[in-house]
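Working notes for the structure below.
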Amino acid sequence: MKSVEPNLLLALSTALALALLVATASLFGEPGLTLKYVVIALVCPVLFVVMNGWWKKRRGVATTAMVHRNAPATAVWASIFPALLMLGAAIPVFFPGHDYGILIVIASVWFGATLESAIKARKA
């Protein structure tokens, strides 16, 4: 069995943490904002990947994937993304009744960064 690409695992773990954040924000946040949170979580990562790729191509900046097999420490540093999203998912539990849209936007951009990294690793 082949090993799974670490950047793909990073993107999947960040996606699960984002889903948990959306779930806790919907459950403990202001009522009636579930659709808003889901739309933000679906649209923002896609827009980030598309617009960031366009911007980097326009500026001539070449980037690589976040996790490299030759540098194991990159996996440890990259694991900060899902860990912070998991901590962010706890915020609505302890401070209920607020609108957590900006928190989901930030988490969606971080997920977009890991998704972009997985796409770059796949192309390489």
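The number of residues in region 67-124 that are on the phi > 0 side of the Ramachandran plot and buried (at least 17 other Cβ atoms within 10 Å of the Cβ) comes to 0.
Taking first residues from region 93-107 that are farther than 16 Å from VAL38 by Cβ and partners that are in a loop (DSSP other than H, G, I, E, B) and of a type in the set (Asp, Glu), the Cβ contacts under 7 Å between residues at least 6 apart in sequence or on separate chains come to GLY97/GLU30; HIS98/GLU30. So, of the residues in region 73-124 that are of a type in the set (D, E, K, R) and within 17 Å of the chain's Cα centre (by Cα), which turns out to be modelled with the lowest pLDDT? The qualifying residue modelled with the lowest pLDDT is LYS120. Suppose the filter is out of contact with any Asp or Glu (no Cβ under 7 Å at 6 or more places or on another chain), without any contact (Cβ under 8 Å) to a residue 24 or more places away in the chain and among the polar types (S, T, N, Q); does THR63 pass it? No; evaluated as a whole, the condition is false for this residue.
In region 27-49, the residues that are within 14 Å of LEU103 (Cβ to Cβ) form Cβ pairs under 7 Å with partners that are surrounded by fewer than 17 Cβ atoms within 10 Å (Cβ to Cβ) and of a type in the set (Asp, Glu), at six or more places apart or across chains, as follows: GLY29/ASP99; GLU30/ASP99; LEU33/ASP99. Looking at region 58-65, is at least one residue modelled with pLDDT under 95 and buried (at least 16 other Cβ atoms within 10 Å of the Cβ)? Looking through region 58-65, at least one residue is modelled with pLDDT under 95 and buried (at least 16 other Cβ atoms within 10 Å of the Cβ).
If you check ALA25, ALA11 for being assigned to a helix (DSSP H, G or I), touching a Pro at 6+ places or on another chain (Cβ under 6 Å), buried (at least 19 other Cβ atoms within 10 Å of the Cβ) and of a type in the set (A, V, I, L, M, F, W, C), only one passes: ALA25.
The values are calculated or read from the model by the stated rules, or taken from the named source; none is laboratory data. Treat the numbers as computed from the prediction; the structure is a model and nothing was measured. Here Cβ is always computed from backbone atoms with ideal geometry, including for glycine, and neighbour counts include all displayed protein chains.
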